[in-house]
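J.: Quick one: this structure, given as structure tokens, is what I'll be asking you about.
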């Protein structure tokens, strides 16, 4: 087949995907690649599924460094042991393995009891990492990070039909939705210490009374107007503001040679600093934590506050995050 022919065939496939209607079936169970209700054939309506549940990612920390330090035989054994451990832990806690990419594993849980099952699965994985794998693989600095989120996932089948032993390799499931993305983001930083640079800016804040509102409603309530045309633009007080590199670059400017200006206040001085943010081994969104807490009010890890809110600067994550390094007490 000439290259032109395959390009034209692929273009037809792309147009088919864009022009064909997608329908989604609500489910409480975790779809798999053999699910007959999921379709990807050409010239037919595409069917996917919608699942509202928890998704967990787990990833080995510093796997590249480990590969440089240890033999291929050791790393092969480590990956095999790690994968087997995760698969069995997932199954025990009603989870389903839905993606293994190198040293990162994705586990999706049926909707029923998903908060308890996903967090308990994370505890088991953390326990195995700390007290089984690390103990057996002496000399290997084995660590893993775990992230969990909850929400609506849209599941679609992608790929093409192939006969023979390549059939399974040519199709897969794609999990579309924030929970998968956020859980992956949490996994990126879980069980890591991340050094960040930032700018500490000292400035005089803007005087609220010098800013004319579009509509001033204060006089309607018998109060003085919020706007005073005689008020100075800046207050005499000082405030210290912490900015990321990007925020600093977007807020600083030079209109006159030798002078710096800043939005949000009158610039006084700045200093560039570094800080280290350390994240615990297991991270979860507020939705997961609240769901787990509500279902397990009498658990020791809840009563003794083993899970704590984390100050974070995780990319694309805006809500509250809770974390801990909980493992099982087998005594």
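Every read-out reported here was derived from the displayed coordinates using simple, explicitly stated rules and does not represent laboratory data. Remember, predicted model here, so these are calculated numbers, not experimental data. For neighbour counting, all protein chains shown are included, and Cβ atoms are generated from backbone atoms with ideal geometry for every residue, glycine included.
J.: Against the empirical 2.2 N^0.38 Å scaling, what ratio does the C-alpha Rg of the range 174-323 come to?
T.: Relative to the 2.2 N^0.38 Å estimate, the range 174-323 comes out at 1.50.
J.: Next up: Once the convex hull of the alpha carbons of the range 234-282 is built, what does its volume come to per residue, in cubic angstrom? Could you put the intermediate results ahead of the total?
T.: Details: hull volume 6.1 nm³, N = 49.
Each residue corresponds to 124 Å³ of Cα convex hull volume.
J.: Springs between alpha-carbon pairs under 10 angstrom, Gaussian network model over the chain: which of 280, 213, 205 fluctuates most?
T.: Looking only at 280, 213, 205, the largest GNM fluctuation is found for 213.
J.: Next question, about the same structure. When N counts the residues of the range 195-277, how does its alpha-carbon radius of gyration compare numerically with 2.2 N^0.38 Å, as a ratio?
T.: 1.40
J.: What's the exposure ranking of 330, 130, going from fewest to most Cβ atoms within 10 Å?
T.: Arranged by neighbour count, lowest to highest, 330, 130 become 330, 130.
J.: Still on this structure: With a 10 Å radius around each residue's Cβ, average the other Cβ atoms per peptide and rank 182-194, 258-270, highest first.
T.: So the order, starting with the most tightly packed, is 182-194, 258-270.
J.: Something else now. Of 89, 180, 295, which has the largest mean-square fluctuation in a 10 Å C-alpha GNM of the chain?
T.: 295
J.: Another question, then. Just want the ordering: 93, 68, from fewest to most Cβ atoms lying within 10 Å of their own Cβ.
T.: On the way: 93 21, 68 8.
Exposure proxy ranking, most exposed first: 68, 93.
J.: At q = 0.11 Å⁻¹, what is the base-10 log of I(q)/I(0) for the chain according to the Debye formula with one equal point scatterer per Cα and no solvent? Please give it to two decimals.
T.: So the normalised log intensities are -0.90.
J.: Okay, next question. Tell me, 113, 103 in order of fewest to most beta-carbon neighbours within 10 Å? Intermediate values should be presented prior to the final figure.
T.: Working: 113 16, 103 19.
So the residues, fewest neighbours to most, are 113, 103.
J.: Sticking with this structure for a sec: What is the pair-distance distribution P(r) of the range 1-137, computed from all Cα-Cα distances in 10 Å bins starting at 0, with each bin given as a whole percent?
T.: Going from the shortest bin to the longest, the percentages are 10, 29, 24, 20, 14, 2.
J.: Right, here's the next one. Between 239, 286, 313, find the one with the highest GNM mean-square fluctuation for the chain; connect C-alpha pairs within less than 10 Å.
T.: Highest fluctuation among the options: 239.
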